[in-house]
Structure formats: C-alpha cells, structure tokens
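Here's the structure, in structure tokens; my notes come after.
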Amino acid sequence: MTTTPLTGFSVMSLLSLSYLTWDWMSPNQVERPSAPDPPAYALPAARRPPHIIFIMTDDQGFNDIGYHNSDIKTPALDKLAADGVRLEQYYVQPICTPSRSQLLTGRYQIHTGLQHSIIRPRQPSCLPLDQVTLPQRLQGLGYSTHMVGKWHLGFYKKECLPTRRGFHSYLGSLTGSVNYYTYNSCDGPGLCGYDLHEGETVAWDQGGKYSTHLYTQRVRRILAAHDPLGPPLFIYLSFQAVHTPLQCPRRYVYPYRDMGNVPRRKYAGMVSAVDEAVRNVTYALRKYGFYQNSVVVFSTDNGGQPLSGGSNWPLRGRKGTYWEGGVRGLGFVHSPLLRRKRRVSRALVHITDWYPTLVGLAGGNASAAEGLDGFDVWPAISEGRESPRREILHNIDPLYNPARGGSLRGGFGIWDTAVQASIRAGDWKLLTGDPGYGDWTPPPVLPGSPGGWWGLERHLRPGKAVWLFNVSGDPYERFDQAERRPDVVKLLLARLAFYNRTAVPVRYPPEDPRGHPDLNGGAWGPWLGDGEEDPWDGVPRRRTKDRKETLKMARTKSFFRSLTTRMMSDRI
C-alpha cells in the first residue's frame, strides 16, 4: 500500500527537527493565611495521593482571562496561574461533548464513536459503557469522587448517568445548556424541560439559585464534610459558565459598564463570577486542610464563541472549528506539589493527557488501561521536562459536510481531502475538508450584536480543502504552506490515514421521541427503562432530503435564531 512507508514512527522522526521551538484590589482570599495545617501534612507527598480538583469552564475563549487580556478581571485565576504552571500549548476539542469524553476516557473521539457533533438531549447515546472512566480508575485507587456541574455525555438510560460512570455523588445538569436560574433547558420549539439533578433524581427544590454559586457551594460542602486525612478526593467541577444564555447577577456586570457591547459586557461579568467561585473553592481547600496536598487543574472545554461575547483573539477561528481559536485552550495547574512553579510551559499537552497524568498522580499505572491516546505529562508540567506528546489528532469526522473542492486525488491518493479532519505533528498542523469559520475576530466592542459586519469574513479560497501551518512560528495561522511544503502535507495525510484505520463507527443515532420532557414528568432524564430494548442500531444518522425533515430543521433553526436574538438584545 502506498501509505505504508509514511506511517508509524518514521514519520515522527522526519518531523522531529521542528518540534516545539517556540479594584479587585482587596486582598485575594487565595493569599489570605489559613489555619495551620494538620501535622500529618508534614508527611512526604509520595506517601499520600493528592486531592485532585479539576475545574472546567464552558466556552471560555483564549482571550477571556486576565493574564491574556487585561480588560477581563480575573485576579484569582491570574494569581493561581502565576503561582503555578501556565499551559500555553494546551489543546482541547472544538465543542462540548468531545472534550468531556476525552477528559474522562483518555481516548480520541474516533476511538469512542463520538467524532461527530455533540450528544443531543433526545439521542439514545452516551459515553460508551465499555470505557473505564477516569473517576472509575480513581475509585479503584481509593478516591472519593464527586462531580458538580455540566455533564453533556448522554443520559438516555441510567447506566449513562455520572453516578454510574464513577462518581460517588453528583449535582448538576445533564444537557448542554440551561437557564442559570430556572434550570430550564430547550432543544427546539416545544422541547423544553427542567434540568437539575441530585444523584439520579430531579432536584426540583434547588432551582432559583445562580448555577455558578450553587455549584461552588456544593464543592465547599463536600470539602467541609470530608476528612482531609481520609480517602483522597477527586472533584470534577464543571461550570455551566460561560456558555449561553448570557446571565449573571448585576454586581458582576457593573465593573464592565463602560463596555459598549452588551453581550461582551454580560459575558465578562460571567467570567468574573467564575473567578470569584474559583477563589472561594481555593479558600475552602486551605480552610479545611486540603490545600498542601492538592492539585488544582483549570481548563476550558473549547474555544469561545464571538457571537455570544467570547473572544479568542488573536487566534484564528472560533468554537466549533479546528482553527487554533477553536482548539487552543486556556489551562493551568496550581499545586504546592509542583517542583518548578511560577512559570509558563510550552510543552505540548492535550485534554486526553489528564487521564494517565491524574491516574499516575493517584498512584496508579496508566499503562494498565489499554488503548489510551493520552500521555502522562506530569514531569513536563511539574519539572519542566520535555513533553512525551509529539502529535495531536484533533479529529476525523466522516459525517461533516464534505468540502466541495476535496478529493482523494487532491490528497495524493493517500487521503480524501473532502473529509473534515485535522492533525498536529511537531510544529506542523494540517487541516482538510471544511475546518469551519476561519476569520480572525477581535473582541466585540460595538454596541449590540455583531449584526451585518459578521458577514465580512475573509472567505476561504473556493475549492480549497487542504491547509498547512507551522503553528509554532505562525500561531495565528496566517501563512498557509500547503503548496510550498507538499512533502509535509503527504506525511500528515498519511498520519490521518493511519488513525482512520483505528477509528470505530460513528455513534450518532436518530433522536428518540420518548426522550421528550413532557413524557418524563417535565424534566430531562433517562427515558429507557430497565430491560427495554436499546434503540441504537449502530447505524449513524445521515442527512436526508425528506421534506418533513427539512421543514422540521428549518423551524428549529428559526427558533434558535429568534432565541439568540432575544438573548443578545436583553439589556441589563
């Protein structure tokens, strides 16, 4: 086969020469002295697994944190990052479900069947049940595991719920987006239901409180109730913020009152609310005696959405795309256990790496879980060593709209360039197919929503389906080198072909009408009962020309356009 000589480690050796060159003025609670630590904390950390707090935000852009943009006020996050290790070559996935699935499995989405889109609320799909999740591994190592916040990994049957996938306790929402106060979640016209769950039951009595505050209070209660000298803790705090709808208490928006763009103003206020929440969680770690033996990881799930106030400037693209603005994530690690603190790391890190890294910190053997795509990057983070990661498969999505100008011939007979895919190897990044909206969007400053100027995109060249960038020397992806370096293009196309041979079938079933909240007491939740036949038949949902389906989709799109317009014009 023509691709054989170009696959395997020989490719990486050819590319290795180019790898990785490249008044909130009041006292911060993070800095306030706490009560003396218990004597047991004098023990060497190696004898006690650390408490792990993994904090994830939703749709927070690369430019939406104080240490990247002084217009955004995040003193607590800035302080934690400055005293820890900032990850400036950290990659996530461009949308929610894929990032969350890769965090919990340590596997690329082509190896879990989740390589297309997100899991919709009525889809009979979830994180594959044959995957051993990160919290399940940690439970096996003696950890007490807790999740608070957004799940978005499927819930059509109880086996899919967080409490069945490794968490001892859960409080949060199962769908992708809810109202921050009422916890109402809509997936189209007439498809609305309540979505706040305590364990495996609907938490009807806990609605009304702003979700960022509710989730923070739950984490503080977990810490207050747990013995720091008992089993180690793993807490996955998955904020709904700063995903739409743009909602937060007025006091957070007031410091941004001079911002002319209302969505950006609200969005900034939501980021500040998250900053306060993280400050309070860190304060609780100190107060209750966990801090000295803790590891705090902060991560976004994907790039920001400029249409909803987010910003990835100066990176190219936005949420949902494979440009750097969609996949370059905010991330840092803060811990007293770091050997080299107060620095910026350029080590290549991917969201799949947290699985083996955290299992290793917990005293486990990550290699025992076969098929992991992640690497243990703790030596690179803690000690400044070279990252073991050399390559990132951003994704291969065979169901996405094929690029009109793509073909197998255009891919040198190695790869059909009509297929949406992206890979980074060393300094080089290749994109094929339709990578998504590809403009450089500065932070929104004009009043109102983007409106007509959103159409000023620098349109991609017609018929083009292959791009190549040296992202170390050109992090903003301004200089396409696909025509100048066909040798590198061929090598990376071969890597895509190699990965594609390991992919499992896409899991993207049709929506099940039994999932409608009206049939489940007005709330989103599992609808497939014990013993009922699973409707998933293994055949991915494909596009149809059926007129009724087209009309349904048109109505749904109209609903979301109207909903977005209302949210964007909702002035404070």
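The values are calculated or read from the model by the stated rules, or taken from the named source; none is laboratory data. Computed from a predicted structure; not experimentally measured. Neighbour counts are summed over all protein chains in view; Cβ atoms, including those assigned to glycine, are modelled from backbone coordinates with ideal geometry. These area figures cover heavy atoms from the full protein model, side chains too; ligands, DNA and RNA do not enter into them. Shrake-Rupley method; radii C 1.70, N 1.55, O 1.52, S 1.80 Å.
With the requirement that a residue be within 13 Å of residue 73 (Cβ to Cβ) and either among the aliphatic types (A, V, I, L, M) or open to solvent by less than 10 Å² (accessible area, probe 1.4 Å) (or both), what does segment 249-263 give you? Talk me through it step by step, then tell me what you get.
Of the residues in segment 249-263, the ones within 13 Å of residue 73 (Cβ to Cβ) are 251-259.
If the condition is that a residue be within 13 Å of residue 73 (Cβ to Cβ) and either among the aliphatic types (A, V, I, L, M) or open to solvent by less than 10 Å² (accessible area, probe 1.4 Å) (or both), then 252, 253, 256, 259 are the ones that fit.
What number of residues in segment 304-322 are at positive phi and surrounded by fewer than 24 Cβ atoms within 10 Å (Cβ to Cβ)?
The total comes to 1.
Does residue 295 meet the test of being in contact with a Leu (Cβ under 7 Å, 6 or more places away or on another chain) and not in a helix (DSSP H, G or I)?
Answer is yes for this residue.
Checking residue 333 against (1) among the β-branched types (Val, Ile, Thr); (2) farther than 21 Å from residue 115 by Cβ; (3) surrounded by fewer than 23 Cβ atoms within 10 Å (Cβ to Cβ), which single condition isn't satisfied?
Unmet for residue 333, out of (1) among the β-branched types (Val, Ile, Thr); (2) farther than 21 Å from residue 115 by Cβ; (3) surrounded by fewer than 23 Cβ atoms within 10 Å (Cβ to Cβ): (3).
Determine whether residue 72 is open to solvent by less than 20 Å² (accessible area, probe 1.4 Å) and over 18 Å from the mean Cα position of the chain (by Cα).
On the way: open to solvent by less than 20 Å² (accessible area, probe 1.4 Å): yes; over 18 Å from the mean Cα position of the chain (by Cα): yes.
So residue 72 fits the description; yes.
If you take the residues of segment 382-422 that are touching a His at 6+ places or on another chain (Cβ under 6 Å) and in a strand (DSSP E or B), which of them is nearest to residue 463 (Cα to Cα)?
422
For segment 499-515, state whether one or more residues are under 30 Å from residue 345 (Cα atoms) and either surrounded by fewer than 21 Cβ atoms within 10 Å (Cβ to Cβ) or within 29 Å of the chain's Cα centre (by Cα) (or both).
Yes, the conditions are met somewhere in segment 499-515.
In segment 99-138, how many residues are open to solvent by 10 Å² or more (accessible area, probe 1.4 Å), hydrophobic (A, V, I, L, M, F, W, C) and under 16 Å from residue 371 (Cα atoms)?
2
Could you please find all residues in segment 230-264 being farther than 30 Å from residue 294 by Cα, assigned to a loop (DSSP other than H, G, I, E, B) and either modelled with pLDDT under 95 or not β-branched (Val, Ile, Thr) (or both)?
Across segment 230-264, the qualifying residues are 245, 246, 247, 249, 257, 258, 259, 260, 261.
In segment 53-64, what residues are surrounded by fewer than 24 Cβ atoms within 10 Å (Cβ to Cβ) and either among the hydroxyl-bearing types (Ser, Thr, Tyr) or more than 15 Å from the chain's Cα centre (by Cα) (or both)?
Matches in segment 53-64: 63 only.
Show the residue pairs that are 6+ apart or on different chains and have beta-carbon atoms under 6 Å apart, the first residue being within segment 81-98 and closer than 21 Å to residue 178 by Cα and open to solvent by 10 Å² or more (accessible area, probe 1.4 Å), the second being modelled with pLDDT of 95 or more and polar (S, T, N, Q).
95/302
Return the pairs, sorted by first residue and then second, in which the second residue is at pLDDT below 95 and in a loop (DSSP other than H, G, I, E, B), the first residue lies in segment 162-189 and is surrounded by 18 or more Cβ atoms within 10 Å (Cβ to Cβ), the beta carbons are less than 7 Å apart, and the residues are 6+ apart or on different chains.
Hits for this filter: 183/207.
Between a residue in segment 349-361 that is farther than 12 Å from residue 391 by Cβ and any residue that is of a type in the set (Asp, Glu) and open to solvent by 10 Å² or more (accessible area, probe 1.4 Å), which pairs come within a Cβ distance under 6 Å, given they are 6 or more apart or on different chains?
What qualifies is 356/376; 357/376; 360/376.
Among the candidates 194, 215, 252, which residue alone is closer than 24 Å to residue 59 by Cβ and out of contact with any strand residue (DSSP E or B) (no Cβ under 6 Å at 6 or more places or on another chain)?
Values: 194 fails: out of contact with any strand residue (DSSP E or B) (no Cβ under 6 Å at 6 or more places or on another chain); 215 fails: out of contact with any strand residue (DSSP E or B) (no Cβ under 6 Å at 6 or more places or on another chain).
Going through 194, 215, 252 in turn, just one is closer than 24 Å to residue 59 by Cβ and out of contact with any strand residue (DSSP E or B) (no Cβ under 6 Å at 6 or more places or on another chain): 252.
Only one of (1) open to solvent by 10 Å² or more (accessible area, probe 1.4 Å); (2) closer than 29 Å to residue 252 by Cβ is not met by residue 149, so which one is it?
Condition (1) is where residue 149 drops out.
Within the group 337, 330, which residue is modelled with pLDDT of 95 or more and under 18 Å from the mean Cα position of the chain (by Cα)?
330
Quick one: is residue 554 at pLDDT 95 or above and more than 26 Å from the chain's Cα centre (by Cα)?
Taking the combined requirement at face value, the residue does not satisfy it.
What about residue 539, is it modelled with pLDDT of 95 or more, aliphatic (A, V, I, L, M) and either within 30 Å of residue 268 (Cβ to Cβ) or open to solvent by 60 Å² or more (accessible area, probe 1.4 Å) (or both)?
Details: modelled with pLDDT of 95 or more: no; aliphatic (A, V, I, L, M): yes; either within 30 Å of residue 268 (Cβ to Cβ) or open to solvent by 60 Å² or more (accessible area, probe 1.4 Å) (or both): yes.
It is false that residue 539 is modelled with pLDDT of 95 or more, aliphatic (A, V, I, L, M) and either within 30 Å of residue 268 (Cβ to Cβ) or open to solvent by 60 Å² or more (accessible area, probe 1.4 Å) (or both).
Within the set of pairs 6 or more residues apart or between chains, which connect a residue that is on the phi > 0 side of the Ramachandran plot inside segment 117-144 to a residue that is open to solvent by 20 Å² or more (accessible area, probe 1.4 Å) and of a type outside the set (Val, Ile, Thr) with Cβ atoms less than 7 Å apart?
117/508; 142/231
Residues that are at pLDDT below 95, open to solvent by less than 20 Å² (accessible area, probe 1.4 Å) and among the small types (Gly, Ala, Ser): does segment 205-215 have at least one?
no
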